[in-house]
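Scroll down for the structure; my scribbles are underneath it.
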Amino acid sequence: MAKTMYDILFSKQKYRRPFSSGDDFRYFMENREKLGKFKRFAELYDSEENDFDIMRANILLRGLENKTLFEKEIANIASHGNIEPGQLIVTLKERIIDQPYYNANGVKIYIPFFSSALNQVYTNEPNKLLALPYSELENDFEDACIDPFDTYGAELFNSFFTSLVKISSSKNATAFFYYDTNTVYIINDQGRLDCKFVLFDKYMKKPSYTHMMERIAPFVEAYFNNDRQGVVDALFKSNLISPQMYKLLTK
């Protein structure tokens, strides 16, 4: 099978800080045992070699961390005696102010494996979690889980759950940049990876890492226009690949 452009870029990449040395990988390794709570995503446990799947797993894990914190804080606040629902909401929001979330049309999604409606119960009606049936969610929530990637799509990665930076979108996909490894990910509307571009190849002696977003934008635009040669030309003009790599990709 002939190598794709993405395969060639990956195989000829310049030495870089490996993904496995970064904070995202470390967080995954420290918390992946908790993925056992999600049967439908159990396969993500074995994602050590797949950077994108680790990002997906971390969205679930950080959401689980939020869920646990919400429930702990709600119980803690309520334990101090009768408290008005409005005061419970105010106090809770003070305690979760630094937690990651995804903004879905004005609704803060702190627990991405729950629906928007259920997230709003946690944030706007937390008193409901103190009684049945919602109190059961603390230990038994699998039936309430949704697929966050299908539901919220590529924009879920444009949130405080990841370290990705959004570049631009087309009708069916969104491009993101990951600064730690100089990699561009094209994520489709189902929250799955279409492809990734590993920038800077081993033939480049002193690559420049400045103004990356401006330099990436032209080749992403060409990609969304299904213009393969335009992608290669833009990569070269933006000094993201070497002359040697340009020749390899235009053979």
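The values are calculated or read from the model by the stated rules, or taken from the named source; none is laboratory data. Computed from a predicted model, the values in this text were never measured in an experiment. Every residue, glycine as well, gets a Cβ built from its backbone with ideal geometry; the counts of neighbours run over all protein chains shown. The protein model used for the area step is the full one, side chains on, heavy atoms only, and it has no ligands, DNA or RNA in it. Shrake-Rupley method; radii C 1.70, N 1.55, O 1.52, S 1.80 Å.
Summed over the stretch 129-184, residues that are in contact with an Asp or Glu (Cβ under 9 Å, 6 or more places away or on another chain), part of a loop (DSSP other than H, G, I, E, B) and acidic (Asp, Glu) total 1. The residues in the stretch 91-117 that are open to solvent by 20 Å² or more (accessible area, probe 1.4 Å), out of contact with any strand residue (DSSP E or B) (no Cβ under 8 Å at 6 or more places or on another chain) and closer than 22 Å to PHE141 by Cα can be counted, and the count is 5. The set of residues in the stretch 152-166 being aliphatic (A, V, I, L, M) and either touching a Cys at 6+ places or on another chain (Cβ under 7 Å) or surrounded by fewer than 20 Cβ atoms within 10 Å (Cβ to Cβ) (or both) consists of VAL165 alone. Once the stretch 185-196 is narrowed to residues that are in contact with an Asp or Glu (Cβ under 8 Å, 6 or more places away or on another chain) and assigned to a loop (DSSP other than H, G, I, E, B), the residue that is least open to solvent (accessible area, probe 1.4 Å) is GLY191. Only one entry of ARG228, ARG215 meets the criterion of being touching a residue at least 24 places away in the same chain (Cβ under 8 Å), more than 24 Å from the chain's Cα centre (by Cα) and farther than 21 Å from PRO18 by Cβ, and that entry is ARG228.
Given the criteria outside any strand (DSSP E or B) and within 27 Å of ASP23 (Cβ to Cβ), does THR123 qualify? The answer is yes for THR123. Quick one: which of PHE176, PHE200, PHE219, PHE149 is open to solvent by less than 10 Å² (accessible area, probe 1.4 Å), in contact with a strand residue (DSSP E or B) (Cβ under 6 Å, 6 or more places away or on another chain) and at pLDDT 95 or above? The conditions single out PHE176. If you go through the stretch 66-90 and keep only what is buried (at least 17 other Cβ atoms within 10 Å of the Cβ), of a type outside the set (A, V, I, L, M, F, W, C), without any contact (Cβ under 8 Å) to a residue 60 or more places away in the chain and in contact with a helix residue (DSSP H, G or I) (Cβ under 8 Å, 6 or more places away or on another chain), you end up with just GLU73.
Do we find a residue being under 13 Å from the mean Cα position of the chain (by Cα) and aromatic (Phe, Trp, Tyr) anywhere in the stretch 186-204? No, the conditions are met nowhere in the stretch 186-204.
Of all residues in the stretch 222-251, those satisfying the criterion of being assigned to a helix (DSSP H, G or I) and open to solvent by 40 Å² or more (accessible area, probe 1.4 Å) are TYR223, PHE224, ARG228, GLN229, ASP233, PHE236, LYS237, PRO243, GLN244, TYR246, LYS247, LEU248. Among the residues of this structure, PHE161 does not count as one that is more than 18 Å from the chain's Cα centre (by Cα), of a type in the set (A, V, I, L, M, F, W, C), closer than 30 Å to ARG95 by Cβ and modelled with pLDDT of 95 or more.
Scanning the stretch 133-143 for residues that are surrounded by 15 or more Cβ atoms within 10 Å (Cβ to Cβ) and either under 24 Å from the mean Cα position of the chain (by Cα) or closer than 18 Å to ALA175 by Cα (or both) turns up just one, PHE141. For ASN188, are the conditions met, namely being in contact with a Ser or Thr (Cβ under 9 Å, 6 or more places away or on another chain), at negative phi and not β-branched (Val, Ile, Thr)? Yes. Candidates are the residues of the stretch 16-65 that are out of contact with any helix residue (DSSP H, G or I) (no Cβ under 7 Å at 6 or more places or on another chain) and in a loop (DSSP other than H, G, I, E, B); the one that is least open to solvent (accessible area, probe 1.4 Å) is GLY22.
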